[in-house]
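Okay, so here's the structure we're looking at.
The values are calculated or read from the model by the stated rules, or taken from the named source; none is laboratory data. Bear in mind the structure is a predicted one, so any value in this text is a computation, not a measurement. We place every Cβ from the backbone using ideal geometry, glycine too, and count neighbours over all the protein chains shown.
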Amino acid sequence: MKKTGKQLLLLLLGVIGGVGVTQLRAARDYEVAKPEENIRAAPEGRQIGTLLEGASIEEVGRDGRWVKFALEAWIWGPSLEGYQEGSSAADEITDSTGPTPGLRIQDKERRPRVALSAHLDEVRELIVADYGRFYGMQRDPDLNQVQVRFRVSEIEPEALERRQMRVQHAVLLLLADDVEFDSLRIETNRADGTGEVGVELAVTDIADIRRLEGKDLTSWRQVTRRSADGGKTWTGAESQ
């Protein structure tokens, strides 16, 4: 009888152990496949945020077809109720090689990013309404350049150029008062609707975008660097 009880106990432990292994193996990382997906506090619960296409999450549980996930992310502190400025080592990034000890490098580079994120919804609505499927926006601090990505359906090549030109001007109008940048880069797929977003590139200096006002396509071509192969080769502007 004791032997039978021991066998049952070992069998039960084996089943429990097997379930644990299965759960560990089932946990995995995912990427959001839609242009954007809502985050909810609970299955069918209230919406508390949005994830954009390409965002990575780690599954930590399931409820039917709902996936509970963990996400490592950042949020701008002053937007939080009760937030107070701190002086932690993570917050005080200094330049030990510069002429001024204790210079806060973070503040110089963070402000443009924060201002950019404040206009993200406006730029998304602009693109979705008239130009294509919004894929994202970022600022390259090394190039001092704002980069906007979106996908187009099948259109004529000239129509794609007009969209690139007009989006540049429209985005400049949205960002000009809050974001400091020298040029604006548009990234799309090919005009025929194929290819990855980023294969077609158009880069124009802010002074030229402001001067042309999104109207003169011939002049825009002359002052804009363009690539049809993801930046391997270029035409226009400096490449001439």
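Summary table below
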item	result
Output for segment 119-163, where each listed residue is assigned to a helix (DSSP H, G or I), of a type outside the set (Lys, Arg) and touching a residue at least 40 places away in the same chain (Cβ under 8 Å)	Glu122, Val123, Leu126, Ile127, Glu158, Leu160, Glu161
Members of segment 204-222 that are of a type in the set (A, V, I, L, M) and closer than 17 Å to Val146 by Cα	Ile206, Ala207, Ile209
Residue identified as touching a helix residue (DSSP H, G or I) at 6+ places or on another chain (Cβ under 6 Å), closer than 22 Å to Asp142 by Cα and surrounded by 15 or more Cβ atoms within 10 Å (Cβ to Cβ) among Leu201, Leu172, Leu212	Leu172
The listed residue being modelled with pLDDT under 95, assigned to a loop (DSSP other than H, G, I, E, B) and within 23 Å of Pro157 (Cβ to Cβ), out of Glu180, Glu196	Glu196
Test: residue in segment 203-221 that is closer than 23 Å to Tyr135 by Cβ, among the small types (Gly, Ala, Ser) and part of a strand (DSSP E or B)	no
Matching residues, segment 27-67, being assigned to a strand (DSSP E or B), among the charged types (D, E, K, R) and over 17 Å from Asp121 (Cα atoms)	Asp29, Glu31, Arg40, Glu58, Glu59, Arg62, Asp63
Failed condition for Arg185, given (1) in a strand (DSSP E or B); (2) touching a helix residue (DSSP H, G or I) at 6+ places or on another chain (Cβ under 7 Å)	(2)
So Glu53, is it among the acidic types (Asp, Glu) and without any contact (Cβ under 8 Å) to a residue 60 or more places away in the chain	no
Residue that is among the small types (Gly, Ala, Ser) and touching a Phe, Trp or Tyr at 6+ places or on another chain (Cβ under 7 Å), where the choices are Ser219, Ser183, Ser227	Ser227
Condition met for Val152 (in contact with a helix residue (DSSP H, G or I) (Cβ under 8 Å, 6 or more places away or on another chain), buried (at least 19 other Cβ atoms within 10 Å of the Cβ) and more than 24 Å from Val179 (Cα to Cα))	yes
Test result for Val114, in contact with a Phe, Trp or Tyr (Cβ under 7 Å, 6 or more places away or on another chain), modelled with pLDDT under 90 and either of a type in the set (Gly, Ala, Ser) or assigned to a helix (DSSP H, G or I) (or both)	yes
Lone unmet requirement of (1) among the β-branched types (Val, Ile, Thr); (2) in contact (Cβ under 8 Å) with a residue 60 or more places away in the chain; (3) closer than 18 Å to Asp182 by Cβ for Val197	(3)
